Amino acid sequence: MHYPENRELQEVFERIESCLENGLPFAIYRKPDHKELLAVFQSDQELVVSTDFTERGFVFAPFDKENEAVLIQPDEIWKGEFILDKPPINSEISLDETGKEDHLNLVKSGIQEIEKGRLQKVVLSRKIEVPITKNPAQIFKTLLHHYPNAFGYLFHHPKVGTWCGATPETLVKVKDRKLQTMSLAATLMFVENEDPKWSSKEIEEQQMVSEYIGDKLAHTMERLEIDEAESVRAGNLWHLRSEVRGTMLADLKVKKVINALHPTPAVCGIPTGEAEQFIQANENYQRTFYTGFLGELNLSSQGELSLFVNLRCMQLEDDKASIFVGGGITGASDPESEWIETQNKSKTMLGIL
């Protein structure tokens, strides 16, 4: 499908294609429900990392905290408006049952670990590889049109790779010591003209995440408020979400807040340390930047951050895309239902391709 573009927009997409060809780092993104598109360009190939999140630029951090957060330096910043066009409805997406047995076994091991009392919840995922014919810029444009209320991005660093996604989850936003985050969990398919009907398993899973975030942040805040859960739509899915707001203590370092929140129970589990160990030992691939986080660091002013969890994303390599999908496992989980949930989630990115 061809979308109308102004000259300025055409130029920035030409610039992106040139950066991809010449191996120059950049990130181009749009915040949820915004029309403005922003791009951060680095003028050399150096791999820069963020040590304490006080640097300026676009950060791209992995799931595993032991690995370093990559920083695209803002040697040049571009801003422009992106006009939305109503995208065509996706034709039926054919889903593949490859990997089903492995995923069912993974979920069963997770449930056994919960039954032993070592975990309350663990988030287990898998990787799907599919051939692609579109280039990264085309994929990114399609994604922006389809998911206006997500954080849509395209990231490239020659030493890291090319990633693209439309994530519904905020990790944390900070401005003038005011903090915003969210507790997001549970998934149902969107059905036209029907409200989501949440089971006790899903309500409990979301409540668990809210309580965990409250405990993690309590000692870093002057005050903290957690709203009641509400149903929110992300593309063809429903989730349960509670908004969380607080005021940071005066001498608090932002790194401490990020470390308290990442990885969130929505992408890792509860308690996060034990869940992360289980994930590293049992998922049969490395997540790298899937379920890490990304976004603006101090671009508008020092101490202002806007970071998102890297969900609904894919890694793009030559003629293939790797798509990542997962789900929260609790004692009440059913392996077959969890498989279906990952299949439903895969439609978000498969529909873009």
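The values are calculated or read from the model by the stated rules, or taken from the named source; none is laboratory data. Every value quoted in this text rests on a predicted model; they were computed, and no experiment measured them. Backbone-built Cβ (ideal geometry, glycine too); neighbour counts: all protein chains shown. Note: accessible area is taken over every heavy atom of the protein model, side chains too, but ligands, DNA and RNA are not part of it. Shrake-Rupley method; radii C 1.70, N 1.55, O 1.52, S 1.80 Å.
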Practice task
Would you please name the chymotrypsin sites (Phe, Trp or Tyr not before Pro) within the range 262-353 that are DSSP coil residues with at most 16 other C-beta atoms within 10 Å of their C-beta?
Solution key: TYR285
Handout entry: Rounded to the nearest 20 debye, dipole of the chain from Cβ charges on Lys, Arg, Asp, Glu
Key = 460 debye
Exercise for the section: Would you work out the relative contact order for the range 202-321, in percent, from Cα pairs under 8 angstrom that are 6 or more residues apart? Expected result: 16 percent
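Name the trypsin sites (Lys or Arg not before Pro) in the range 192-248 that are in a loop by DSSP and that have at most 10 other C-beta atoms within 10 Å, would you? Let's see the in-between values first.
Details: sites: LYS197, LYS201, LYS216, ARG223, ARG233, ARG241, ARG245; in loops: LYS197.
Listed in order of number, the matching sites are LYS197.
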Handout entry: Environment charge at GLU202 (Cβ cut-off 14 Å; Lys +1, Arg +1, Asp -1, Glu -1)
Key = -3
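Which of the residue pairs LYS121/LYS347; LYS108/LYS173; LYS173/LYS345; LYS201/LYS320 have a Cα-Cα distance greater than 28 Å in the structure shown? Kindly include the intermediate steps, with their values, before the conclusion.
Working: LYS121/LYS347 24 Å; LYS108/LYS173 36 Å; LYS173/LYS345 25 Å; LYS201/LYS320 36 Å.
Result: LYS108/LYS173; LYS201/LYS320 exceed 28 Å.
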Exercise for the section: Could you work out the relative contact order of the chain, using alpha carbon pairs under 8 angstrom and six or more residues apart, expressed as a whole percent? Expected result: 25 percent
Exercise for the section: Could you let me know the centre-to-centre spacing of the range 31-72 and the range 260-300, using Cα atoms, in angstrom? Expected result: 16 Å
Handout entry: In Å², nearest 10: area of GLU21 left accessible to a 1.4 Å probe
Key = 150 Å²
Problem - All lysines inside 25 Å of LYS175 as judged from Cα atoms, apart from same-chain residues fewer than 8 positions distant - result: LYS31, LYS35, LYS65, LYS79, LYS216, LYS253, LYS255, LYS256
Exercise for the section: Hydropathy first: keep DSSP H helices in the chain averaging at least -0.5 on Kyte-Doolittle, then drop any whose Cα extent along the axis falls short of 20 Å, and list what survives. Expected result: none
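Let me check I've understood the local charge: for GLU296, count other residues with C-beta under 13 angstrom from its C-beta, Lys and Arg +1, Asp and Glu -1. What total comes out? Walk me through the numbers on the way to the answer.
Values: positive: ARG30, LYS31, ARG56, LYS79, LYS173, LYS175; negative: GLU36, GLU55, GLU304.
With Lys, Arg at +1 and Asp, Glu at -1, the neighbours total +3.
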Handout entry: Residue-averaged [θ]222 nm for the chain, counting only DSSP H segments that reach four residues, each worth -39500 (n - 2.57)
Key = -9000 deg cm²/dmol
